[in-house]
Amino acid sequence: MRPFRAGETIYERSVAIDASTIDGLTVTVAVTADRTDELDILDNIYTAAEDYSFYPFRDKSHDIEYEESRDLFEIAIESNEHFLAATTHLGNDGSDRERVEAVQSAVLVKELGLTDALVILDGDEDKAERFGRAITGISDTCPPTATCIQSELYYPSSLLADLCASHLAYEIEHPRHCTEVTPSAPVTKEAFNDHWGSAYHSMINSSDRVETEPIEQRRAETVRTRINCWFEGYMGGGEPMPYDQSVQPIVRYAREEGYEELATKLSQV
């Protein structure tokens, strides 16, 4: 598994962030993982999806009907719970969804307190700008940040964040639910009230330029090429991959790392 490479700087750990909004309620989830942990996350998602027509690198949460697939969401989350952090915005206050997600993302990253991890945002440069301006309101520096178009299709950790955010957004209907769900997803304005206002104000009023890490981007049109992008540490976007690539080197790597069932699943792609 290649580290993320930004020029001469490498990152062996990431914080993948995704959010879901249902009926005005927004849940943002952060997944913290070393590159080698992503094999475990992917293996767990494949296991959770065994009885469903749902496949990593092809599908994301909105591609499967929630009520008919609740077990998939719950198993994927429970088996990966130790990677997860979440927070909830209850809505009904006129807040813009994208701004809420940016502030929640900044709060989660601040709370995680990681200095050596690459933050992966699902989206484009606008998302990085909102996040960067929000976090500089509550932190001395903006952490290394990368954007990945449709990150759920490229990174198992991003897919896990997507599944978890969607699940929690469906499950939470009352403030008390925020502490009853797994993982706990406390209300941002309450649990992190010392951060919310400062991050929101900074996001709106800051004019600082937000720099993203110069990580190679590739637009992958097939499952095989997305698997290769994941393995190589490329971000989704940019120019298309010039040709379809074999997954056999990745299958061998998974097998060498002791993930026999995962290797079999990948070999069938």
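The values are calculated or read from the model by the stated rules, or taken from the named source; none is laboratory data. Nothing here was measured: the structure is a model prediction, and the numbers come from that model. We place every Cβ from the backbone using ideal geometry, glycine too, and count neighbours over all the protein chains shown. Each accessible area value is taken on the protein alone, full model and side chains, heavy atoms only, with ligands, DNA and RNA left out. Shrake-Rupley method; radii C 1.70, N 1.55, O 1.52, S 1.80 Å.
The residues in the range 180-211 that are assigned to a helix (DSSP H, G or I) and either free of Cβ contacts under 8 Å to residues at least 40 places away in the same chain or open to solvent by 70 Å² or more (accessible area, probe 1.4 Å) (or both) can be counted, and the count is 9. Looking only at residues of the range 7-20 that are open to solvent by 10 Å² or more (accessible area, probe 1.4 Å) and of a type in the set (A, V, I, L, M, F, W, C), we find that the one that is nearest to THR145 (Cα to Cα) is ILE10. Consider the range 212-233 and keep the residues that are touching a residue at least 24 places away in the same chain (Cβ under 8 Å) and in a loop (DSSP other than H, G, I, E, B). The one that is most open to solvent (accessible area, probe 1.4 Å) is PRO214. Using the structure shown, decide if VAL269 is assigned to a loop (DSSP other than H, G, I, E, B), under 23 Å from GLU8 (Cβ atoms) and aliphatic (A, V, I, L, M). In short, no. Remark: pairs (first residue in the range 240-261, touching a residue at least 24 places away in the same chain (Cβ under 8 Å); second residue outside any helix (DSSP H, G or I) and open to solvent by 60 Å² or more (accessible area, probe 1.4 Å); Cβ separation under 8 Å; 6+ apart in sequence or on different chains) = GLU257/THR36.
Need at least 1 residues that are closer than 20 Å to ALA102 by Cα per element, so show me which strands (runs of 3 or more DSSP E) inside the range 2-61 make the cut, counting only ones lying wholly within it.
13-22, 25-34
Within the range 21-39, which residues are open to solvent by 10 Å² or more (accessible area, probe 1.4 Å) and either in contact (Cβ under 8 Å) with a residue 24 or more places away in the chain or at positive phi (or both)? Once the filter is applied, which keeps residues that are open to solvent by 10 Å² or more (accessible area, probe 1.4 Å) and either in contact (Cβ under 8 Å) with a residue 24 or more places away in the chain or at positive phi (or both), the range 21-39 yields THR21, ILE22, ASP23, GLY24, LEU25, THR32, THR36, ASP37.
Scanning the range 224-250 for residues that are more than 20 Å from the chain's Cα centre (by Cα), among the polar types (S, T, N, Q) and either within 17 Å of ASP122 (Cα to Cα) or at pLDDT 90 or above (or both) gives SER246, GLN248. Among the numbered conditions (1) touching a residue at least 40 places away in the same chain (Cβ under 8 Å); (2) closer than 29 Å to GLY258 by Cβ; (3) open to solvent by 50 Å² or more (accessible area, probe 1.4 Å), the only one that GLU50 does not meet is (1).
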